[in-house]
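Presented below is the structure to which this report refers.
The values are calculated or read from the model by the stated rules, or taken from the named source; none is laboratory data. Note that the structure is a prediction, hence the values are computed from the model and not measured. FYI the Cβ positions are ideal-geometry reconstructions off the backbone, even for glycines, and counts take in every protein chain you see. For the accessible areas, the whole protein counts, side chains as well, though only heavy atoms, and no ligand, DNA or RNA atoms are used. Shrake-Rupley method; radii C 1.70, N 1.55, O 1.52, S 1.80 Å.
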Amino acid sequence: AMLYGSLDSHGIINDGKILSSVTDFIEKNRDKLNIPNLTDERYQEILKILADNRNAIKDGNKKTKKVKIRENKWQTFKVLWETINKNSKIVYRNIEEKDIIQNVSEVFNKEKIPTIKNKIYTQKYNAQNDEIENLEEITQGETHFFQTQKFDEWINFFVKEQKFSFPFMLKLLNNIDKQKIKNNPQKAKERLLEILKETIHGSLLTCVDYQFLETSIYPNKLQNGKGQKKQEIAYGILGKDYMEKKVPENLLYDTICFDSIIEKEIQLNDPQSFDNNKVTVFAKLPKISIPTPYKNYNPDFAYLIEKPNGKKLFLVVETKGYESEAYIPAEEQQKIKYAKKFFKALQKQLPTIEIQYKTRINAQSLSDILQNN
């Protein structure tokens, strides 16, 4: 309520309508927020909530803007886009089986997974009220799964879809209460997967690898089903706000699209060259959805850089508006770690192309982020 009052008193909202960017105002005017005892931690939480819901809040004054992809920049950027946009799956390797199987089994075997019961419902249509009325519910007995089949199909979900090894899953199956699986295979499957991920969380980073699929990546946010560049896209694909002035010559689009002040400033102020490196083209990325054990992850920017020796560098950057890495929430830090694994694995797939993934804190310069972390 206090935040709402601050926004209302400064003309950001009026009668429930958003008149200008809420995120921009809060990022620039912390001192004007009428919130007692607003600590750094609480302030960062507010910014994170806005970032997580950035596409849910729209400026009602913005028209449906179409953004054009510059043809001369696309031909250069296409290779980079198709490289980082490769389809991939998580693969779990070198898991410490003994401890994990024991820990997972102990947790799973304590789970309450009741048997699914067959029920018959008797209903009738009440014409007077124009409603369906439930008259009777009869429980006929329990549903018996796996009476005529083995556990193979159930295990295959973990082997084929989640990429756990078949021997590992067999050992795990021998240690868990199979009656719980028989009671409700779907619920047991979902809960076991959750327990597996929770249990191996501590050492998960060393176990995760990425498998890249030799399948078509089309269509996507920038290309049609034939792999051809789309002529234009809605600005909302790239950000919740836009500006058409001062568009850098090496930006992929004819419009600057952004979700925050820092993203706008980066696109306005990033140099076209640094340390004898030339930034041939750069772009704010649409979603490419790198899989992680938490949620899919989407980096912010990509750059194609020509180095002094004539070689090309594909630089992918995660931009954070925090004062330091210490302020980045734990889950976001974990996803960044998996992104580093993803791009290292991707580098192995494309040894002739140099790929780097970097985290950019509080608008560091391109020169600094290439030298650090």
For segment 346-363, Karplus-derived ³J(HN,Hα) couplings (6.51, -1.76, 1.60; θ = phi - 60°; whole Hz; x for glycine and proline) come out as 5, 4, 5, 6, 10, x, 7, 10, 7, 10, 10, 10, 9, 9, 10, 9, 6, 6
Share of accessible surface on carbon and sulfur in segment 217-329, whole %, 1.4 Å probe and ligands ignored, is 44
Going residue by residue through segment 268-282, the Karplus relation 6.51 cos²θ - 1.76 cosθ + 1.60 with θ = phi - 60° gives ³J(HN,Hα) values, rounded to whole Hz and with x marking Gly or Pro, of 7, 10, 4, x, 8, 7, 7, 6, 6, 9, 10, 7, 5, 7, 9
Beyond 32 Å (Cα-Cα) in this structure, taken from Lys163/Lys240; Lys66/Lys341; Lys221/Lys335; Lys182/Lys348; Lys28/Lys311; Lys284/Lys344, we find Lys163/Lys240; Lys66/Lys341; Lys182/Lys348; Lys28/Lys311
Once phi for every residue in segment 96-101 is put through the Karplus expression 6.51 cos²θ - 1.76 cosθ + 1.60 (θ = phi - 60°), the whole-Hz ³J(HN,Hα) values, with Gly and Pro written as x, are 6, 5, 4, 5, 5, 4
Descending accessible area (1.4 Å probe), largest on the left, turns Ser273, Ser21 into Ser273, Ser21
Residues meeting the amide H criterion for Val67 (H placed from the backbone, H to H distance under 5 Å, 5 or more places apart or on another chain) are Ile233, Ala234, Tyr235
So for segment 257-373, using the alpha carbon gyration tensor with a ≥ b ≥ c as root eigenvalues (a/c under 1.5 gives rounded; past that, a/b versus b/c decides prolate or oblate), I'd call it oblate
Judged on accessible area alone, 1.4 Å probe, highest first, Tyr210, Tyr327 line up as Tyr327, Tyr210
Between the modelled labels at Lys32 and Lys98 (7 Å from Cα along Cα→Cβ) the distance in nm is 6.4
Per the rule of 0.36 nm per residue minus the C-alpha distance, extending Gln211 to Ala326 adds in nm 38.3 nm
Order by accessible surface, 1.4 Å probe, largest leading, for residues Tyr235, Tyr338 comes to Tyr235, Tyr338
Distance in nm between Glu306 and Lys160 label points, each 7 Å along Cα→Cβ, equals 4.8
Any residue on another chain or 5+ positions along whose placed amide H is under 5 Å from the amide H of Thr292 is listed here as Tyr297
Once Glu111 and Asp275 are pulled to full extension, the length gained, defined as 0.36 nm per residue separation minus their Cα-Cα distance, is 53.2 nm
